[in-house]
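The values are calculated or read from the model by the stated rules, or taken from the named source; none is laboratory data. Since we're looking at a predicted model, the values are computed, not measured. A quick note on method: Cβ atoms are made from the backbone with ideal geometry, for glycine too, and the neighbour counts reach across all protein chains shown.
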Amino acid sequence: MVCYLARHQIDDKAYDRCIAQSPQRLVYAFSWYLDVVSPGWQLLMEGDYERVMPLPVRFRYGVKAVIQPLFCHQLGVFAAHEIPDVAVLHRFLQALFQHIRYIPAYQFPAAHSPGLVAEAAQFVPMTNQVLNLQKPYAELAAGYSKDRKVNLRRGWQRAWTFAETDDVNPLINLFGEYNTAGIGRVAPQAYELLRRLVRVLQERQQVRIRVAQQNGRIEGGCLLVTDINRVIHLFCSASPEGRKGNARTVILDNFIREYAGRPIWFDFESPEVASLAAFNRSFGAEPEPYVRLVSNRLPGPIRFLQQLKAWFSPTGLSR
């Protein structure tokens with residue numbers, strides 16, 4: 001039987017143990033991570049934390065809604081020492097629809113994709129880009145595209161100084177000034193959320209921020225979240241000078257070089273933007289399918305209000 005737990009009812013140690021022992025382990029799913037990106041998250045659980053499904057619950061139109069948080073690419077159903085089969089997924093989906101009527105977005109990992117079929121729901125196919133780092137660096141670098149190899153050489157020819165830092169603010173400032181074109185307004189709370197998340201990750205020693213400097217100015221940088229099975233390219237930014245000088249290409253190549261030969265994945269956390277996906281593929285990354293669940297079973301009048309709001313609201317990143 002799948003039961004529903006509010007945040008205060010969850011045993012964090014038992015829950016985190018299930019996530020840690022899952023073959024699909026994702027850093028996004030740990031309780032401490034969710035407490036930052038989705039305070040008040042709730043849970044579907046089967047058995048004594050044998051199988052769990054974290055729910056980033058928020059209230060919309062007076063009802064509970066499940067909305068994929070910022071900086072939390074995928075969640076799903078996790079089980080200790082096993083990948084949930086179709087029957088397990090079906091039970092959790094039934095429980096989900098019993099408790100939640102409005103799901104603007106909830107993203108399941110690749111292992112769930114083949115078995116996700118449910119009524120009154122829409123599953124949108126998505127694609128992430130990942131790189132298996134088990135190979136030696138020379139073999140990984142040989143898999144870069146011709147253009148990426150050329151840009152990497154050009155980047156090394158620039159007078160870049162690279163440094164590790166604990167300060168994410170220079171990356172946020174560059175992003176706000178130069179990198180928001182095409183995505184609309186970014187809500188200020190998104191930046192503050194990233195700052196809080198970085199502080200928690202720093203306490204756990206699970207984040208790396210590397211910047212490229214020239215003439216004493218930071219012109220670009222990348223932020224990695226680290227875990228035992230994958231490193232995640234969570235955030236990056238660059239000035240026009242940084243882009244022109246291929247600063248991010250050199251930083252990513254450096255990270256790939258450092259982690260090469262380990263049994264982990266480099267997760268580019270790719271958005272559904274063709275140019276960014278092409279950039280990630282140029283490092284030899286391969287597609288990793290996942291799916292987004294979208295379900296709206298709200299009453300008709302509320303749906304009409306949603307349409308009105310969509311017509312009159314500006315676009316932007318303001319979850």
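Key figures for this structure:
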item: Test set (1) closer than 27 Å to Leu26 by Cβ; (2) in contact with a Ser or Thr (Cβ under 8 Å, 6 or more places away or on another chain); (3) part of a helix (DSSP H, G or I); (4) at pLDDT 95 or above - Asn151 fails condition number; result: (1)
item: Flag for Leu34 being assigned to a helix (DSSP H, G or I) and in contact with a Gly (Cβ under 7 Å, 6 or more places away or on another chain); result: no
item: Those residues of region 51-80 which are part of a strand (DSSP E or B), touching a helix residue (DSSP H, G or I) at 6+ places or on another chain (Cβ under 8 Å) and of a type in the set (Phe, Trp, Tyr), in sequence order; result: Phe78
item: Filter result for the condition that a residue is under 25 Å from the mean Cα position of the chain (by Cα), modelled with pLDDT of 95 or more and surrounded by 13 or more Cβ atoms within 10 Å (Cβ to Cβ), over Val186, Val130; result: Val130
item: Some residue of region 169-176 being in contact with a Phe, Trp or Tyr (Cβ under 6 Å, 6 or more places away or on another chain) and closer than 25 Å to Thr226 by Cβ; result: yes
item: Residue match in region 81-102 (condition: at pLDDT 95 or above, assigned to a loop (DSSP other than H, G, I, E, B) and either under 22 Å from the mean Cα position of the chain (by Cα) or hydrophobic (A, V, I, L, M, F, W, C) (or both)); result: no
item: Region 222-247: number of residues that are in contact with a His (Cβ under 8 Å, 6 or more places away or on another chain) and β-branched (Val, Ile, Thr); result: 1
item: Pick from region 41-50, criterion more than 21 Å from the chain's Cα centre (by Cα) and not in a strand (DSSP E or B), ranking: surrounded by the fewest Cβ atoms within 10 Å (Cβ to Cβ); result: Asp48
